[in-house]
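Data first, discussion second: the structure below is written as structure tokens.
The values are calculated or read from the model by the stated rules, or taken from the named source; none is laboratory data. It should be emphasised that the depicted structure is a prediction, and the values quoted were computed from it without experimental measurement. Here the Cβ positions follow ideal geometry from the backbone for every residue, glycine too, while neighbour counts run over all protein chains shown. Just the protein is used for accessible areas: all its heavy atoms, side chains included, with ligands, DNA and RNA removed. Shrake-Rupley method; radii C 1.70, N 1.55, O 1.52, S 1.80 Å.
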Amino acid sequence: MAEEKSQASSSKMLTLKASDGVLFEVELNIAKEMKTVQAYIDDCEDIETIPIPNVLGKHLAIVIEYIKKTNEEYDAEFEKQWNMDDLQLLLLAANYLNISGLQECLCKAIAKRIENKSPEYVRKVFNIENDHSPEEEAKLRKEYKWAFEGVDKD
Amino acid sequence: MYNFHFISSLFYETLFTFPFPSFNNLNFNPNFNFMGLRFSSFLSNSTVSSGPTLGELPESCVASIIAYMDPPQICQLATLNRAFRAASSADFVWESKLPPNYHLLLAKIFQDFPINLGKRDIYTSLCRLNSLDGGTKKVWVDKGTGKLCLAISSSKGLSITGVDDRRYWNYIITEESRFSTVAYLQHTWWFEVDGEIDFPFPAGTYSLFFRIHLGRAYKRFGRRVCNTEHVHGWDKKPVQFQLWTSDGQYVASQCFLKEPGNWTFYHAGDFTVEDGNSSTKVKFSMTQIDCTHTKGGLCLDSAFIYPSEFKKSKAFLNCS
């Protein structure tokens, strides 16, 4: 979808309210790209303001801009602007709002940033706490031993 | 399945004020976020990290991210936490790594393959050095790329002219092969090695190589020693390679055998498989037939079939 999705003739406007109270007025067809919002509309037809309690205004703004502009070129440049924390929060937002295109774009972007990096690096960068017990960890390493041994030298 | 509840970002309703974001300027100042996190973690006394964590993502999101990794890294990331471990064994992650015709491969390689094994376990099984045709061939999927590889042993896998005549050929035990023996040629006028394979290769382009060693290697006091005294005749005429497929592909080439003392992969030719849903038959041969001079001092390990892209990506294939 290369053009902006607005159509002056049939654009009903909807208000989305972010978790920090920031309000966004968007066209219905933009809001419908968020399947969570679509479900809300389906349930209560006359709604004018939809609360989005899990997403900050700054991220909702980015999501809305993405929906308006998404195309191959935009997507390729899109992910470069954001730091790790924003990428993760955006992915959480896209997941909550159920926008599959944005989710895919963000998953790819995060994957690219952790490609070929060690588990220690990934753990540090993403603040992942290890909730495995030492026994579980030992069992895991044994289970996945095959992935590391006998790498094709010749 | 380990389900994560979505953790509300309401903890971001901070105790401090921040500049109202401008919706037209999406080049967001990262310092805002960084300072915001620092400030909030200073104020909160909890030991939970104040930043968003990949560990908070639903398992399906984690699986979608790691699906882009290569298998060894997926396995490494499984050790991070329970969500990653669960995501790393998700069927859809491994389905994309398996060769598309893996059902055919399983049927060809294994007699009784359990039908309800998860995709990761199927991948693991295919990555082993699986024996085929009574141990004369080995087939495996390359762990990192998910591509199929095959080796055909010189011991009963390949057809060597005069191999039963101990004046010319004998088998020596070695540790330097995927098979336990390699064929050693003392001397002959008629050097001919033929082979064929009928296998459901996944669609793609493949290269056939002969792994050859000029000279005879053995261990002395634990160190590898190579005797090249008896290497002769290979500089007189090049060796000819030919390759045929059942769907009419044919390629021929030639080259001189060199580099005594090292195992070398000699590239015999390429073939393309269009459809992985049927079996592909390939015949190939290597000859140096010249009755004016003998040649010998050569070890023949096996014929290898590798995906053609390995010629660039695998260092050991770069010489031929």
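Quick look at the values:
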item: Criterion violated by B:Q288 - all others in (1) part of a strand (DSSP E or B); (2) in contact with a Cys (Cβ under 9 Å, 6 or more places away or on another chain) satisfied; result: (2)
item: Failed criterion for B:D198 (all others in (1) surrounded by 15 or more Cβ atoms within 10 Å (Cβ to Cβ); (2) farther than 19 Å from B:F310 by Cβ; (3) modelled with pLDDT of 95 or more hold); result: (1)
item: Filter result (part of a strand (DSSP E or B) and either within 14 Å of chain B (Cβ to nearest Cβ) or under 18 Å from A:Q88 (Cα atoms) (or both)) within region A:41-55; result: A:P51
item: Region A:56-76: number of residues that are farther than 19 Å from A:E27 by Cα and within 11 Å of chain B (Cβ to nearest Cβ); result: 1
item: Breaking point among (1) modelled with pLDDT of 90 or more; (2) farther than 29 Å from B:A83 by Cα; (3) not in a helix (DSSP H, G or I), for A:K68; result: (3)
item: Residues satisfying the stated conditions in region A:87-137, i.e. on the phi < 0 side of the Ramachandran plot and not in a helix (DSSP H, G or I); result: A:I99, A:E115, A:K117, A:S118, A:I128, A:E129, A:N130, A:D131, A:H132, A:S133
item: Strands (runs of 3 or more DSSP E) lying entirely in region B:113-170 (those with 3 or more residues that are open to solvent by less than 20 Å² (accessible area, probe 1.4 Å) and under 21 Å from B:T205 (Cα atoms)); result: B:137-141, B:148-153
item: Scan of region B:260-278 for residues that are assigned to a strand (DSSP E or B) and of a type in the set (S, T, Y), ordered by number; result: B:T264, B:Y266, B:T272
item: Lone unmet requirement of (1) more than 29 Å from B:K281 (Cα to Cα); (2) open to solvent by 10 Å² or more (accessible area, probe 1.4 Å); (3) not acidic (D, E) for B:L214; result: (2)
item: Considering residues of region B:290-320 that are over 25 Å from B:V273 (Cα atoms) and open to solvent by less than 10 Å² (accessible area, probe 1.4 Å) only, the residue farthest from the chain's Cα centre (by Cα); result: B:K295
item: Region A:102-154, subset among the small types (G, A, S) and at the interface with another protein chain (Cβ under 7 Å from one of its Cβ atoms), residue surrounded by the fewest Cβ atoms within 10 Å (Cβ to Cβ); result: A:A111
item: Single residue of B:Y206, B:Y218 found to be in a strand (DSSP E or B) and at pLDDT below 95; result: B:Y218
item: Count of residues meeting criterion [among the small types (G, A, S) and modelled with pLDDT of 70 or more] in region B:37-86; result: 7
item: Residue count, region B:74-86 (criterion: open to solvent by less than 10 Å² (accessible area, probe 1.4 Å) and within 24 Å of the chain's Cα centre (by Cα)); result: 4
item: Qualifying residue in region A:10-30 (condition: assigned to a loop (DSSP other than H, G, I, E, B), closer than 15 Å to A:G101 by Cα and hydrophobic (A, V, I, L, M, F, W, C)); result: no
item: Residue count, region B:291-320 (criterion: in contact with a helix residue (DSSP H, G or I) (Cβ under 9 Å, 6 or more places away or on another chain) and in a loop (DSSP other than H, G, I, E, B)); result: 2
item: Failed condition for B:N227, given (1) in contact (Cβ under 8 Å) with a residue 24 or more places away in the chain; (2) more than 21 Å from B:F316 (Cα to Cα); result: (1)
item: Whichever residue in region B:246-289 is open to solvent by less than 50 Å² (accessible area, probe 1.4 Å) and among the aromatic types (F, W, Y) and, among such residues, is nearest to B:T205 (Cα to Cα); result: B:F271
